[in-house]
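Here is the structure we will look at.
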Amino acid sequence: RGGARAKSGGKMASTAAGKQRIPKVAKVKNKAPAEVQITAEQLLREAKERELELLPPPPQQKITDVEELNDYKLRKRKTFEDNIRKNRTVISNWIKYAQWEESLKEIQRARSIYERALDVDYRNVTLWLKYAEMEMKNRQVNHARNIWDRAITTLPRVNQFWYKYTYMEEMLGNVAGSRQVFERWMEWQPEEQAWHSYINFELRYKEVDRARSIYERYILFTVLVLVHPDVKNWIKYARFEEKHSYFAHARKVYERAVEFFGEEHMDEHLYVAFAKFEENQKEFERVRVIYKYALDRIPKQDAQNLFKNYTIFEKKFGDRRGIEDIIVSKRRFQYEEEVKANPHNYDAWFDYLRLVESDTDAETVREVYERAIANVPPIQEKRHWKRYIYLWINYALYEELEAKASKRTRQVYQACLELLPHKKFTFAKMWLLYAQFEIRQKNLPLARRALGTSIGKCPKNKLFKGYIELELQLREFDRCRKLYEKFLEFAPENCTSWIKFAELETILGDIDRARAIYELAIGQPRLDMPEVLWKSYIDFEIEQEEYEKTRNLYRRLLQRTQHVKVWISFAQFELSAGREERLPRCRQIYEEANKAMRSCEEKEERVMLLESWRSFEDEFGTDATKERIDKLMPEKIKKRRKLQAEDGSDAGWEEYYDYIFPEDTANQPNLKLLAMAKLWKKQQQESEAAAMDPDKDIDESQT
């Protein structure tokens, strides 16, 4: 072993002498991550948890003699002084030092420490409080007073010093001293709670007059200095007087508060409190006056609580009229909010006006109407004016029917008609209502002038009809003729106007003029309802028993249209018109109609004609004619046709019913060939069915 060690030692020495050897770095073979990973968050959390572990308490030191005690005091004082010397501004070190001295009953030393601390930071509130508490705890009253005096002199805006000082004097029974401290405090015009603390102090000793004088001083400050111009201070003062049964004083306080705040700074809480006070005194009329006064002057959005209390009061002590008044007031407030949010919400205006008309005087209603009609629609399109125009109509009707003011009614109508943009659109109902109003006022020239102006500015069918109706009621037929002429010049395609004009001439007994009007009418190139006009002309000739002229009219009408209803009407006319030749004439019409309808694509109309013809033959015909018409009736068959969608693709098949007329079948041989093919196919199907069932053939042969 010794030799080996020597050899190895020699080798190491030689190696170190020759060249310094670098140690090899260990290579990590498995570089995969471990299954359990440790994060920085976990490390910090474990460190925090270990801090919270309970350390064993230090050993208890027992002091057995005076020398050990003095040594202990010296060491502790040196530690405290060192801490203070390190950082004089940390007040907690001073407080701990003083409290330790206090625990040893070294009051003088503790007092010295507090004084040294106050030299460092006299603005620290906690330091003053701890200092004064130490003196009070050790029953050093004069020292405590001295400290509190210094504190409130140095920091007069710290309310805690004043509260502690007054509380100490009161606990000592020194009421006069406590009052003196409060007086010194009030000279600084403190916050609201300080005044109430002073008042509560006086009330604890039944000094009501002194409390009232404090309230007066406090209110005087609010009025003159405006330190606390708040409603609740006045309310507290009034409730104080009410609580001590000084009701006259309380009422005077409320009145002074109302006068002080005036109408610019009205608050609903003041009036609610005032009204409740009067309600407690059974002065219900005063309560009602207070509520109404406040509701008339306070903005509605700020008077919700006022409304609520007024409603409760009226339900408790008021009559039905009072309850209705408050409900109406609430609804008026709601409508005011709606029209303020959207002035062009005419439905809200209608509801508001309906409410106002039912409960208020005429001047208020007029004011609301004027506000409503001032909101003219911004766009000159008739659809935007349709609701708005009814505001004017209701306004005029109110002035005429409710207010009985005909002059104002005329002004309303005229203002509305001047406002309307007649070149773009007009409202015929407005002109007609104005004319009817003037007629009710027995002022016919103004009514005619208004309607004439309307026709000149903006002619409309409704205006012409209304003007003509007016002249008819007045039996002014010449004027009616002139109006009809103007009407037909304006709208020559209006068939109703032609018919009414002709009926007027018929009533007046001028048949030739009526016939000429009808002739002019059917000669117009464009008509809106020509069938109605022709029917009226035909009925007119039938009433005049001009049958030849009626037949000519039917022939002229059939030249223009081949409608099945015209043929049926023509046939029925012939049936009812003639006496001896009516049946042949009627049958001839049906024959002509059937021939004319063969080329008609609408087969349903042809079927309608044949059914009408068959009904006629069933009633008036012979067996031969009935058999003939039966042969003409079509066969109803079901067919299918291919449907196409809008884009041209196939949309499936559709079933429909078609009619095959015998006359058309005789003229089309292809239809006969198709029928023979169907018969052959049916026979083939029957033979195949018989071949597939031989037992049935045997049974039939045996039978």
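Are any residues in the stretch 264-292 part of a helix (DSSP H, G or I), over 15 Å from V231 (Cβ atoms) and open to solvent by less than 80 Å² (accessible area, probe 1.4 Å), and if so, which ones? Answer for the stretch 264-292, where residues must be part of a helix (DSSP H, G or I), over 15 Å from V231 (Cβ atoms) and open to solvent by less than 80 Å² (accessible area, probe 1.4 Å): E278, E279, F284, V287, R288, Y291.
Specify the residue that is most open to solvent (accessible area, probe 1.4 Å); the eligible residues are those in the stretch 581-614 that are more than 16 Å from S569 (Cα to Cα) and within 60 Å of the chain's Cα centre (by Cα). Within the stretch 581-614, the match that is most open to solvent (accessible area, probe 1.4 Å) is E601.
Here the stretch 688-697 is the region considered, the condition is being exposed (fewer than 10 other Cβ atoms within 10 Å of the Cβ) and not charged (D, E, K, R), and the residue that is modelled with the lowest pLDDT is P694. Just name the residue that is modelled with the highest pLDDT out of those in the stretch 355-374 that are more than 20 Å from C416 (Cβ to Cβ) and charged (D, E, K, R). Across the stretch 355-374, the extreme among qualifying residues is E363. Residue count for the stretch 246-263, restricted to those that are within 43 Å of the chain's Cα centre (by Cα) and among the β-branched types (V, I, T): 1.
Candidates D512, D528, D539, D478: the one that is without any contact (Cβ under 8 Å) to a residue 40 or more places away in the chain and in contact with a Cys (Cβ under 7 Å, 6 or more places away or on another chain) is D528. The residues of the stretch 197-221 that are under 17 Å from A238 (Cα atoms) and of a type in the set (K, R), listed by number, are R210, R212, R217. Looking across the stretch 178-214, the residues that are without any contact (Cβ under 8 Å) to a residue 40 or more places away in the chain, acidic (D, E) and either open to solvent by 20 Å² or more (accessible area, probe 1.4 Å) or assigned to a loop (DSSP other than H, G, I, E, B) (or both) come down to E183, E187, E191, E207, D209. For the stretch 622-653, taking the residues that are touching an Asp or Glu at 6+ places or on another chain (Cβ under 6 Å) and open to solvent by less than 100 Å² (accessible area, probe 1.4 Å), the one that is nearest to S569 (Cα to Cα) is identified as I629. Of the residues making up the stretch 345-360, none is in a loop (DSSP other than H, G, I, E, B) and among the charged types (D, E, K, R). The set of residues from the stretch 598-621 being at pLDDT below 75 and either of a type in the set (S, T, Y) or in contact with an Asp or Glu (Cβ under 6 Å, 6 or more places away or on another chain) (or both) comprises just one member, S599. Of all the criteria given as (1) under 28 Å from E418 (Cα atoms); (2) modelled with pLDDT of 85 or more, the one not satisfied by R475 is (1). Of the residues contained in the stretch 136-149, one or more are found to be at pLDDT 90 or above and more than 28 Å from N93 (Cβ to Cβ).
Starting from residues that are polar (S, T, N, Q) and part of a helix (DSSP H, G or I), keep the ones in the stretch 137-160 and report whichever is least open to solvent (accessible area, probe 1.4 Å). My answer is N159.
Test of understanding: among R387, R408, which residue is at pLDDT 85 or above, under 30 Å from F333 (Cβ atoms) and assigned to a helix (DSSP H, G or I)? Before you say what the answer is, go through the steps one by one.
Numbers: R387 fails: assigned to a helix (DSSP H, G or I).
One residue alone meets the criteria, R408.
Considering every residue within the stretch 344-353, establish whether at least one is within 29 Å of L474 (Cα to Cα) and polar (S, T, N, Q).
Residues of the stretch 344-353 within 29 Å of L474 (Cα to Cα): none.
The answer is no; no qualifying residue exists.
When the criteria are applied in full, E363 meets the requirement of being open to solvent by 70 Å² or more (accessible area, probe 1.4 Å) and charged (D, E, K, R).
Looking only at the stretch 537-563, count every residue that is touching a Leu at 6+ places or on another chain (Cβ under 8 Å) and among the hydrophobic types (A, V, I, L, M, F, W, C) and tell me the total. Adding up the residues that qualify gives 1.
The values are calculated or read from the model by the stated rules, or taken from the named source; none is laboratory data. Nothing here was measured: the structure is a model prediction, and the numbers come from that model. Every residue, glycine as well, gets a Cβ built from its backbone with ideal geometry; the counts of neighbours run over all protein chains shown. Accessible surface is based on the protein model in full, side chains and every heavy atom, while ligands, DNA and RNA are left aside. Shrake-Rupley method; radii C 1.70, N 1.55, O 1.52, S 1.80 Å.
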